[in-house]
Amino acid sequence: MNIIIGIIIGIVVGAVAGFVTASKIENNKLLAKGEKMIERGNEVLKDAEEKGEIIKKDKILQAKEKFIQMKSEHEKQVNERNAALREQESKLKQRENTLNQKVGDLQKKSEELKQVSENLNNQIEVLRKRQAEVEKVYNESIEKLEHIAGMTAEEAKQHLIEMMTEEAKSDAAAGIMDIVEEAKITANEQAKKIVIQSIQRTATETAVENTVSVFNLENEEVKGRIIGREGRNIRALESLTGVEVIIDDSPDAIILSGFDPVRREIARLSLHKLVTDGRIHPARIEEVVAKTRKQIEQEIAEVGKRTCIDLGINNMNHELMRMVGRMKYRSSYGQNLLQHSREVANLAATMASELGLNPKLAKRAGLLHDIGKVPETDPELPHAIFGMKLAEKYKEHPDVCNAIGAHHDEIEMTSLIAPIIQVCDAISGARPGARREVVEAYINRLKKLEDMAMTYPGVVKTYAIQAGRELRVIVGAEKVSDVEATKLSFDLSRQIQNEMTYPGQIKVTVIRETRAVNYAK
């Protein structure tokens, strides 16, 4: 046991001694390496110090060179500033010398002005003395004149002013009378000249239209086919076109009667197509009338467009242009409405040019002045007012709208074109042969209207106005009530409709008013 312990202790002691010896050898190696590294570091440090010295010297040299350069530039700038200051100083000295010279000149002129002022003062004093003497003499003369005339100077002045005023008024009145008379004569002459020239330059042919159209046939056998079995063909044609078809003993002819020329034209063209085709029965009639109506509508649009192009009228609304085309198939007292409107347009343009107005606006207003006569529905307004509203709706010029509405004096004229349109409308309608209705027939129709209204009880006065387009009836308030006035208007309109023949429509207006009158005594 002791031997084992001794062996173990020996092994441990040997191991420790070996470890110590090995550690010493390793430490010696490390110390040798550290010394070498220290020597090497010292060498590196020494090299770095040497390089640092070299760099330091280079930087110092560069700094010295930069300093020398900046110093030279600074000296150069200082020299330039000094030169500029010296130049400014010399200029200031020159200005100072110039100002001193001017001050000297001003002092001399001031002395001269003082001398002139003294001379003027002396002259003014002399003039004052002379003025006092003149005033004294003037006052003495005035006193002598007042004593001789028996009135003061103010009274004489007032009297003279009154005399001159009266004389000036008299001369002015005489001059004004002469100017007014001369203006009247000149105005009448110029107006006649313009109207005559316009009529001569725009003279057109006139033709009176009828209310019937004659359709010629090749033979009498066609009449029976047009009438149809039990008259069904002719009834279908009349109901579809709104035209009365008259088949009488006239050889080889059928009369189409109706106040609407558009319907008559549709009926005439439809008959022509039916007779040419040979197939005549209600279904075929309906088909042909529909196609013909469409064809007429296209022709109306084309006529309106062509009319505007012929007259040089641009930018007109398409609906207004279509209504212009409808004028071709309308007449007023037998005068074709489109020809009448074209003539009024040309007359108005000529007059407007002579008077220095806008001829384009005048021509536009002349073409559209009767546009209210061709609506598709029957309005309750007079055609001039309705036409004005149509023009306003389609954005026409205000002067054109006013001329349309005022050409029968329904509204006040606010432009110079309005009276021109009114005059041209009268000229076109007054041409010999332009209209069928003579003056006597026109007057008789108006008188018949008024007499018809006077037959009703309670009617006090009657007036046919607006060229027979309106009948105004005034009734007594104590004899006719409001309800009776309404009934009177209705009954009278029906009687006129049944007993009279007239173009367009007639408005019946019954006026009933109550007046309370008393006298203060």
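The values are calculated or read from the model by the stated rules, or taken from the named source; none is laboratory data. If you're wondering where the values come from, they're calculated on a predicted model, not measured in any experiment. Please note: Cβ atoms are built from the backbone with ideal geometry, for glycine as well, and neighbour counts cover all protein chains shown.
Being surrounded by fewer than 16 Cβ atoms within 10 Å (Cβ to Cβ) and in the same structural domain as G372 (by TED's automatic domain parsing) narrows it down to one of R326, R229, R342, R264, so name that one.
R229
Among the residues of the stretch 326-385, count how many are polar (S, T, N, Q) and within 21 Å of the chain's Cα centre (by Cα).
The qualifying residues number 1.
Condition first: modelled with pLDDT under 85 and part of a loop (DSSP other than H, G, I, E, B). Can you find one or more residues in the stretch 468-476 that meet it?
yes
Does the stretch 497-506 include one or more residues that are at pLDDT below 85, among the β-branched types (V, I, T) and out of contact with any helix residue (DSSP H, G or I) (no Cβ under 8 Å at 6 or more places or on another chain)?
There is at least one residue in the stretch 497-506 that is at pLDDT below 85, among the β-branched types (V, I, T) and out of contact with any helix residue (DSSP H, G or I) (no Cβ under 8 Å at 6 or more places or on another chain).
Before we move on, is L338 under 24 Å from I300 (Cβ atoms), in contact with a helix residue (DSSP H, G or I) (Cβ under 6 Å, 6 or more places away or on another chain), modelled with pLDDT under 85 and not in a loop (DSSP other than H, G, I, E, B)?
Here the answer is yes, as L338 does meet what is asked.
Of the numbered conditions (1) in a helix (DSSP H, G or I); (2) surrounded by fewer than 19 Cβ atoms within 10 Å (Cβ to Cβ); (3) among the polar types (S, T, N, Q), N314 fails exactly one; give the number of that condition.
Tallying (1) in a helix (DSSP H, G or I); (2) surrounded by fewer than 19 Cβ atoms within 10 Å (Cβ to Cβ); (3) among the polar types (S, T, N, Q), N314 fails exactly one: (1).
Look at I385 and say whether it is surrounded by fewer than 21 Cβ atoms within 10 Å (Cβ to Cβ) and at pLDDT 85 or above.
yes
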